[in-house]
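First comes the structure, then the notes that go with it.
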Amino acid sequence: MNPWYFRPAAALACGAITTTAACTPSDDAQDEVHHIEPEATKELPNQDATDGPDVIANQLATLRADLLDVAGRRAAALVAQLTTDEKIALVHGTGVPKMGWGTFPPEALNGAGYIPGIPRLGIPQVTSADSACGVNIDDTRATPLPAPIALAASWDTELAQEYGERIAIELRTLGYTQALGGGINLAREPRSGRTFEYMGEDPVLSGEMIASRTIGTQSQKVLATVKHYAMNGQETNRAASDSQVDERTMRETELLAFEIAVKRGKPASVMCSYNKVNGTYACENPYLLRDVLKKEWGFKGVVQSDWAATHSTAPAALAGLDEEQPSVPEGVTVPPGFGPFFSTALRAAVDGGEVSMSRLNDMVQRKLRALIRVGVFDAPPTPSGAIDEEAGQALALAVAQRSSVLLKNATVPGTAQKALPLTATDLSSVVVVGGHADMGVLSGGGSGAVPSPDGNAVSGCEEPAPEPGTLPIPRCATWYKSAPLAAIRAKAPLATVTYFDGTDAEAAANAAENADVAIVFATQWETEALDLPTLSLPDPTTDPVNQSYDQDVLIEAVASKAKRTIVVLETGSPVTMPWLDHVHAVLEAWYPGVRGGQAIADLLFGDVNPSGKLPITFPKRDEDLPQPTISSSDPVVRYTEGLLIGYRWYDAKAVEPLFPFGHGLSYTTFVYSDMVATAALKGNVTVSFTVTNEGPVAGAETAQVYATLPTGLGEPPQRLVDWKKVWLAPGESRTLDFVVPAQRLATWDATTHAWRVNAGRYLLMAASSSRDPHALTKSVRFLRARR
Ligand code: BGC
């Protein structure tokens, strides 16, 4: 049981970047038209040169079916045969099976939602389950994958597709129809308790990764929900807060992420969020739902409310809400706000003419179209045995290995050796400290959690009494039984590996003094419904339930004595590191999933070369954030930073981050050369450059392309416009070709309500991070603006 529901009672200019030299525009501006991407190619989801003929044939078949709207026509024919009561039954949930809120038949299963089917027309039931990083259903042995923030750090769209596929395969095995995930709210406020559930701070990275994940899920005949639409940037007062944000900011930041996800991923559902946007609840916001999502982006799926985010019947239906969840039936005792609005009340509104029959038909047609298009209608899932745990664990391990970020790797004083990777034969004594590394690895909490298949690795945590008038937010962290300590011992069988739990900093430091290396584990637990008070590593005052000692003090103490100090972080958000100058290496492992301990050891010992890059800026201190404090008393969340989300803020304000967006080290060295950039038709730009692995080991590099827009547009100094992740053997070179679509270079014109590619000079940068001192640059010029 996981009672996460929570309803409060009340409720470039280049000079700004340190790498100024790299930002000097080159002289070879080009105006010629060289290349135009074929329209059909753009429509094919995630097409890749390595895709085989079957995959491409499948994609073409889907494209053809979509063009002819085969699913839409079949859905419309079904709608014509439904009674009004049957239509109403299809547009609302019937409670929450998992919480026992409602009366359910056994086939409703144990998820977050249930909509019965209509057998006389072959319409299947819809059973939904939370699926942020795996299937969040108790006692199923579903695979806990690394958190979505980790997936984002892989910058690997193929991996994102596999992640979505794996979750869908497990859902179908358990009999579920719909995956409630993934989330895509941008990390405007990195202290948000759901940062681990989302994909970081950049709209293009987040949008593309979620699109691929969605394609993966739906390829396995499971409906995918992309959530939470929109501007749902923090948990504090989330049910009542009002995000006040101007149109241009919305369109160029979070809505751009949703736009990419919706257009390329074609999710069955988009979940509207709890909060208000500019004074109107997101789930009854005509601008967001009707005008932008449906009319402008052409979204043909279902707008589904977050659980208890519906606030009205006719206003919500007319604004574009298609499905109320969970719509707890009258008579069931639940906290206020759980509906129902779309059952008898919607029937009355239709009978009274407040909501037209054609609008109700549209709601139903969308649902049936999604079921048909994704393949659920013709092949509904039924529970079919045990989950393939081996396959799940293999993917969990691969994601953890490819998403951990090596933040720092300094030379150990007095040696010519980098702190990492460790060489087992050089080690006779290792001290491992803290973070329950003897037991397991951390996971996030709330609906985005996945139960630990073998029980919580860390016992003894006591849930505090809930605040009066609210549903309890579980405060005890879940730990997966994948102990880094055991995996480290297995890597260095001849060394003495000693563990200290961190509660006695002096004892750990004294032992570290005599060891070859000290590895300190530090953790930061976060959960839905609760923001972090600070980006400092938790201590007994900021997380009294899970943290019994001061982690910063512990790291300082160990670092003051150890010859070589390595810090491994398991966090969902960035953390500050007052001890950074005193340690030799830092590895960010995020919440690394059910094989996390193994992945961490593989990375520390160099069996796997780190290749993750930060999808989110790590600031030096809380005071550097655009919103220095999160107010719990002011229900208005003012997006006063405008376009300056994430790295855009630090670049524009010339604030040095601790680690910049896009940063991540490797055990090898990549060199960029031979950059070419060309203005193409329709405002697209082609970019190419070569990446060479000049180091001694194989590795993967995420080569990033940033653009600085012409001056005078009020834009941040730079924005990510594309990237590619490449695996290179030692000495190998690869030339990477990019076609940067015009929209990624465009600005939103709030007067004409349209994208605009402006005339002028664009500086393109090929870089290994957003602040790469070795970035290559080329500029192109557009002679005229275009829409
Ligand atoms: C969360 C959603 C989740 C839903 C159903 C809500 O509290 O915000 O992300 O899908 O519950 O569990």
**Prompt:** Tell me, which residue of the range 656-671 that is in contact with a Ser or Thr (Cβ under 7 Å, 6 or more places away or on another chain) and either of a type in the set (Val, Ile, Thr) or not in a loop (DSSP other than H, G, I, E, B) (or both) is farthest from Pro615 (Cα to Cα)?
**Reply:** Val671
**Fill in**
Scanning the range 76-103 residue by residue, those within 22 Å of Thr333 (Cβ to Cβ) and touching a strand residue (DSSP E or B) at 6+ places or on another chain (Cβ under 6 Å) turn out to be His92, Gly93, Thr94, Gly95, Pro97
**Prompt:** Looking at the range 267-286, which of its residues are within 16 Å of the ligand (Cβ to nearest atom), more than 25 Å from Val374 (Cβ to Cβ) and not in a strand (DSSP E or B)?
**Reply:** Tyr274, Asn275
**Request:** Select, from Glu330, Glu252, Glu259, the only residue that is away from the ligand (no atom under 16 Å from the Cβ), open to solvent by 10 Å² or more (accessible area, probe 1.4 Å), charged (D, E, K, R) and within 28 Å of Gln743 (Cα to Cα).
**Result:** Glu252
**Prompt:** charged (D, E, K, R), outside any strand (DSSP E or B), out of contact with any Lys or Arg (no Cβ under 8 Å at 6 or more places or on another chain) and within 16 Å of the ligand (Cβ to nearest atom), is that true of Arg264?
**Reply:** no
**Request:** Scan the range 69-127 for residues that are assigned to a helix (DSSP H, G or I) and either within 16 Å of the ligand (Cβ to nearest atom) or β-branched (Val, Ile, Thr) (or both) and jot them down.
**Result:** Val70, Val79, Thr84, Ile88, Pro97, Lys98, Met99, Ala108
**Asked** If Pro146 satisfies every condition in (1) more than 14 Å from the ligand (Cβ to nearest atom); (2) under 16 Å from Lys367 (Cα atoms) but one, which is the exception?
**Response** (2)
**Fill in**
Within the range 625-640, the count of residues that are open to solvent by 50 Å² or more (accessible area, probe 1.4 Å) and either outside any loop (DSSP other than H, G, I, E, B) or in contact with a Leu (Cβ under 7 Å, 6 or more places away or on another chain) (or both) comes to 1
**Item:** the range 713-751: number of residues that are among the acidic types (Asp, Glu), part of a strand (DSSP E or B) and over 13 Å from Val204 (Cα atoms)
**Value:** 2
**Asked** On the given criteria, is Leu643 open to solvent by less than 30 Å² (accessible area, probe 1.4 Å), in contact with a Pro (Cβ under 9 Å, 6 or more places away or on another chain) and aliphatic (A, V, I, L, M)?
**Response** yes
**Message:** So, Thr313, is that one more than 16 Å from the ligand (Cβ to nearest atom), open to solvent by 10 Å² or more (accessible area, probe 1.4 Å), modelled with pLDDT of 95 or more and over 24 Å from the mean Cα position of the chain (by Cα) or not?
**Reply:** yes
**Message:** Just the residues that are open to solvent by 30 Å² or more (accessible area, probe 1.4 Å), outside any loop (DSSP other than H, G, I, E, B) and among the hydrophobic types (A, V, I, L, M, F, W, C), please, taken from the range 419-472.
**Reply:** Ala424
**Request:** Answer yes or no as to whether Gln704 is at pLDDT below 95 and within 27 Å of the chain's Cα centre (by Cα).
**Result:** no
**Request:** Could you figure out which of (1) within 16 Å of the ligand (Cβ to nearest atom); (2) within 15 Å of the chain's Cα centre (by Cα); (3) at pLDDT 95 or above isn't true of Arg188?
**Result:** (1)
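The values are calculated or read from the model by the stated rules, or taken from the named source; none is laboratory data. Everything numeric in this text was worked out from a predicted model, so none of it was measured. So basically every Cβ, Gly included, is an ideal-geometry build from the backbone, and we count neighbours across all protein chains shown. Heavy atoms of the whole protein, side chains included, go into the accessibility calculation; ligands, DNA and RNA do not. Shrake-Rupley method; radii C 1.70, N 1.55, O 1.52, S 1.80 Å.
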